[in-house]
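> Before anything else, here's the structure in question.
Read-outs throughout are calculated quantities, based only on the coordinates presented, and are distinct from any laboratory measurement. Bear in mind that the values here come from a model prediction, so they are computed numbers and not experimental data. For neighbour counting, all protein chains shown are included, and Cβ atoms are generated from backbone atoms with ideal geometry for every residue, glycine included.
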Amino acid sequence: MWYFFLLMRIRHRLRRLVAPLPKPYKDLWDLTAKDLKRCPVWELALDMEGTPGFDDYVIRPRPDIVACDESVQLGYGAFVHAEFVAADGRVYSGTIELKKCNDVSDLFPTIIVGHYRVGLTLPAVLRDPSHMLRLYYRWLKTTPERLFPLSFRACIPVQGFVAQGVLEGFVKKARVAGGDGTQFETKVFR
């Protein structure tokens, strides 16, 4: 199943060769650590859906935002530059999604290494994450023992939103049958 996500990324790259996005827009998959240093806040350009070449994965920078609180008007899907510190002290750059939640895995913490994106929240449809985890550890050039526990925090001042946390491993959430459909089972993988 992990190959599905790789194919999705390749499809986006091929589409951009044919129809590149106008600046300053970019695909979420193409966001780099360098982009985040230039502009720490990016949001999904959902208002541009329907425009040729735009879809759910197109983002735009928000250079007007240098700090976030509840008064800042952000669209759905705002991503903030975050710093990740591994158990061995190694520091990574990446993103967290800015939203109100109770569980840090709901922030979709993602480490960016070169052109690779290491999502610390695994897709619920993934039955066996072992292949994907091996790939992620290879991209990060580390081991589970050296990576976890992994702490993270937003690189800009944030109030009113969860903006920091600690992960004990890669997290996978799945809906639990029964109840009102809002109950989840959380599993941690290393």
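> What are the equivalent ellipsoid semi-axes of the range 70-172, built from the alpha-carbon gyration tensor (square roots of five times its eigenvalues), in whole angstrom, biggest first?
Values: eigenvalues 110, 47, 29 Å².
Working through the eigenvalues yields semi-axes of 23, 15, 12 Å.
> On a straight-distance basis, which lysines could pair with Lys23 in a cross-link, Cα separation under 18 angstrom, same-chain partners fewer than 8 positions away excluded?
Lys34, Lys37
> List the residues, sorted by chain then number, that are 5 or more residues from Ala82 or on another chain and whose placed amide H is less than 5 Å from its amide H.
Close amide H contacts, sequence-distant or interchain: Gly94, Thr95, Ile96, Cys155.
> Counting Lys +1, Arg +1, Asp -1, Glu -1, what net charge surrounds Phe79 among other residues with beta carbon under 12 Å of its beta carbon?
Working: positive: Lys26, Arg60, Arg62, Lys99, Arg117; negative: Asp35, Glu43, Glu97.
Net charge in that neighbourhood comes out at +2.
> Still on this structure: Would you calculate the separation in nanometres between label points at Val166 and Asn102, each defined as 7 Å from the Cα along the Cα-to-beta-carbon direction?
Going from the Val166 label point to the Asn102 one covers 2.1 nm.
> May I ask you to evaluate 6.51 cos²θ - 1.76 cosθ + 1.60, the Karplus curve with θ = phi - 60°, for each residue of the range 47-52 and list the ³J(HN,Hα) values in order in whole Hz, giving x for glycine and proline?
5, 9, 4, x, 6, x
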